[in-house]
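Beneath this line is the structure, given in structure tokens, with notes to follow.
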């Protein structure tokens with residue numbers, strides 16, 4: 001795999017011929033993917049192309065005999081039978097029809113196989129992405145790799161057609177070269193000499209295009225994001241309220257102009273030099289054409305041989321030019337493949353263990369943090385540091401602290417979305433890393449503040465909490481009742497089958513509070529031993545939030561729970577309250593204990609209470 005990384009690093013400089021050849025090492029792995037996509041279509045495509053590669057020579061050869069037969073008949077008049085001529089014409093007609101059929105069949109096969117390949121690789125990307133760690137998705141370098149991999153799912157279908165066309169044309173060239181070599185080997189030398197500059201020029205400009213595309217990946221992601229901001233149902237409200245349209249449009253113009261300016265410069269250079277190289281190629285072709293005509297006039301070859309050689313030379317020129325230029329495109333595509341394969345080389349740090357321990361049922365000792373710290377990649381600041389405490393079985397623990405104090409990071413560590421940078425988390429005295437990851441996720445229910453509002457049905461929006469039970473309507477309705485979302489479902493035209501959101505036909509948009517009740521129902525879809533609510537009720541009024549947490553407390557009796565809320569009327573319902581500041585634990589105890597302590601918690605409680613006086 002090292003050659004792929006090395007190739008990928010050649011992102012902003014021109015590539016040597018040796019480096020281009022090295023990029024072809026990606027093709028076997030590429031064709032392995034193609035083969036896995038559809039074996040019979042891959043074989044069929046190659047078979048059709050081999051048959052198609054013979055057609056040009058066959059048509060030219062029959063054409064030669066037709067011309068010679070016509071000349072013979074014109075000289076001998078009616079004394080010579082015309083049967084052979086019409087058989088030749090019929091044969092050429094049949095070959096022309098067959099050529100067209102083969103070409104259409106190849107195009108059809110290319111399109112179908114390309115679509116299947118795009119779908120197959122897209123699924124591969126999604127499957128691999130699902131195995132990666134959450135903190136990897138929060139890294140901009142990773143996102144650039146993911147973006148380039150996504151682009152390859154469509155772009156590489158073109159490469160598939162290019163490689164197969166290259167093989168087809170090389171076979172055709174082999175047939176045509178036989179005739180030209182027999183006539184005069186120097187004709188092929190002339191072709192190569194006059195076409196080579198165009199090949200080198202195209203290689204250079206493809207290098208520059210690749211370097212520009214690679215260099216602009218972060219800006220291209222920003223451009224897509226700005227385009228989304230300017231025209232999206234999810235952003236329209238704030239764009240209007242804050243009058244952001246002009247700002248967004250100007251930002252889009254600035255970014256797009258930068259892209260356009262660089263592309264324009266490169267395109268102009270490519271066009272000018274391309275014209276010059278095309279002139280050289282045409283000059284070489286007509287030089288050889290004049291020579292063939294001269295030999296015909298001298299009587300060295302027949303008129304039929306003239307048409308055969310001229311046609312072979314013309315097609316040979318086109319094929320060599322196409323093969324050389326396509327070589328540049330194919331090698332460029334092979335380089336881009338390194339972006340695709342590089343994504344699959346990214347390995348998760350959190351992975352399933354073959355000898356993992358089953359999740360304890362019930363939990364006996366609880367979760368214990370032993371001097372746990374976590375630091376995000378490319379960050380010097382610790383999100384959490386020196387955390388040591390125990391979440392006991394059946395205990396309700398509230399997390400309190402200002403924004404950025406590390407509350408959400410802590411619950412992500414608890415759910416093993418992150419692994420500690422230092423220290424360890426124990427469950428019943430055993431490191432959390434040793435437990436089966438799937439069982440852990442099944443036994444931990446967590447709803448974040450930034451939960452997704454799926455443009456799906458009411459029932460599906462709840463079922464995502466435990467998607468294996470998506471057909472269990474009784475469980476879905478039970479979960480809705482527990483989160484107080486059931487009364488909302490009854491009001492909707494299609495009840496639990498109502499499409500939510502405005503993106504699709506007959507969709508209904510919910511208020512923030514209504515969405516939160518739907519999201520909360522997801523927590524009840526699993527019979528989890530630990531439930532975590534990370535400010536999911538922020539859009540509810542104080543009374544509604546109090547009711548939700550009262551209900552939550554009743555429904556989680558005997559289960560451990562962690563809740564994050566900025567409302568102290570809710571927080572005081574917890575058995576214990578853990579106070580965080582700058583990622584570190586500064587206080588822990590019940591509401592009454594912390595109030596008596598007159599520390600940070602009491603200060604925050606008094607500040608909020610003053611707002612209600």
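Would you confirm whether any residue within segment 274-283 is part of a helix (DSSP H, G or I), within 23 Å of residue 161 (Cβ to Cβ) and in contact with a helix residue (DSSP H, G or I) (Cβ under 9 Å, 6 or more places away or on another chain)? Yes, that holds for at least one residue.
Would it be correct to say that residue 418 is in the same structural domain as residue 530 (by TED's automatic domain parsing), surrounded by 14 or more Cβ atoms within 10 Å (Cβ to Cβ), over 22 Å from residue 576 (Cα atoms) and modelled with pLDDT under 90? Yes; evaluated as a whole, the condition is true for this residue. Among the residues of segment 504-538, the ones that are surrounded by 13 or more Cβ atoms within 10 Å (Cβ to Cβ), at negative phi and either without any contact (Cβ under 8 Å) to a residue 24 or more places away in the chain or in a loop (DSSP other than H, G, I, E, B) (or both) come to 11 in all.
Considered as a group, the residues in segment 369-394 that are more than 29 Å from residue 142 (Cβ to Cβ) and touching a residue at least 60 places away in the same chain (Cβ under 8 Å) include one that is surrounded by the most Cβ atoms within 10 Å (Cβ to Cβ), and that residue is 391.
Picking from residues in segment 564-591 that are in a helix (DSSP H, G or I) and modelled with pLDDT of 80 or more, the one that is surrounded by the fewest Cβ atoms within 10 Å (Cβ to Cβ) is 591.
Filter segment 422-456 for residues that are crowded, with 16+ Cβ neighbours inside 10 Å and more than 26 Å from residue 515 (Cα to Cα) and give the result. Hits for segment 422-456 are 423, 425, 426, 427, 428, 432, 433, 435, 436, 437, 440. A single member of 317, 326 is under 26 Å from the mean Cα position of the chain (by Cα) and either closer than 30 Å to residue 178 by Cβ or without any contact (Cβ under 8 Å) to a residue 12 or more places away in the chain (or both), and it is 326. One residue is enough: does segment 105-115 have a residue meeting the conditions in the same structural domain as residue 333 (by TED's automatic domain parsing), touching a helix residue (DSSP H, G or I) at 6+ places or on another chain (Cβ under 9 Å) and either modelled with pLDDT under 80 or within 30 Å of residue 349 (Cα to Cα) (or both)? No, segment 105-115 contains no residue that is in the same structural domain as residue 333 (by TED's automatic domain parsing), touching a helix residue (DSSP H, G or I) at 6+ places or on another chain (Cβ under 9 Å) and either modelled with pLDDT under 80 or within 30 Å of residue 349 (Cα to Cα) (or both). Which one of 146, 72, 113, 88 is surrounded by 14 or more Cβ atoms within 10 Å (Cβ to Cβ), more than 30 Å from residue 376 (Cα to Cα) and in contact (Cβ under 8 Å) with a residue 40 or more places away in the chain? That would be 113, the only listed residue that is surrounded by 14 or more Cβ atoms within 10 Å (Cβ to Cβ), more than 30 Å from residue 376 (Cα to Cα) and in contact (Cβ under 8 Å) with a residue 40 or more places away in the chain.
For (1) in contact with a helix residue (DSSP H, G or I) (Cβ under 8 Å, 6 or more places away or on another chain); (2) modelled with pLDDT of 75 or more; (3) in a helix (DSSP H, G or I); (4) at positive phi, each residue gets a yes or a no:
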site: 118; (1), (2), (3), (4): yes, yes, yes, no
site: 127; (1), (2), (3), (4): no, yes, yes, no
site: 135; (1), (2), (3), (4): no, yes, yes, no
site: 148; (1), (2), (3), (4): yes, no, yes, no
site: 156; (1), (2), (3), (4): yes, no, yes, no
site: 161; (1), (2), (3), (4): yes, yes, yes, no
site: 175; (1), (2), (3), (4): yes, yes, yes, no
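Restricting to segment 4-38, what's the tally of residues that are modelled with pLDDT of 50 or more and under 30 Å from residue 112 (Cα atoms)? Going through segment 4-38 one residue at a time, the tally reaches 19.
Looking at segment 354-367 only, could you name the residues that are on the phi < 0 side of the Ramachandran plot, over 38 Å from the mean Cα position of the chain (by Cα) and surrounded by 14 or more Cβ atoms within 10 Å (Cβ to Cβ)? Answer for segment 354-367, where residues must be on the phi < 0 side of the Ramachandran plot, over 38 Å from the mean Cα position of the chain (by Cα) and surrounded by 14 or more Cβ atoms within 10 Å (Cβ to Cβ): 363, 365. Taken together, 286, 336, 294 contain a single residue that is in a helix (DSSP H, G or I) and in contact (Cβ under 8 Å) with a residue 12 or more places away in the chain, which is 336.
The values are calculated or read from the model by the stated rules, or taken from the named source; none is laboratory data. Note that the structure is a prediction, hence the values are computed from the model and not measured. Positions of Cβ are generated from backbone atoms using ideal geometry, with glycine treated the same way; all protein chains shown enter the neighbour counts.
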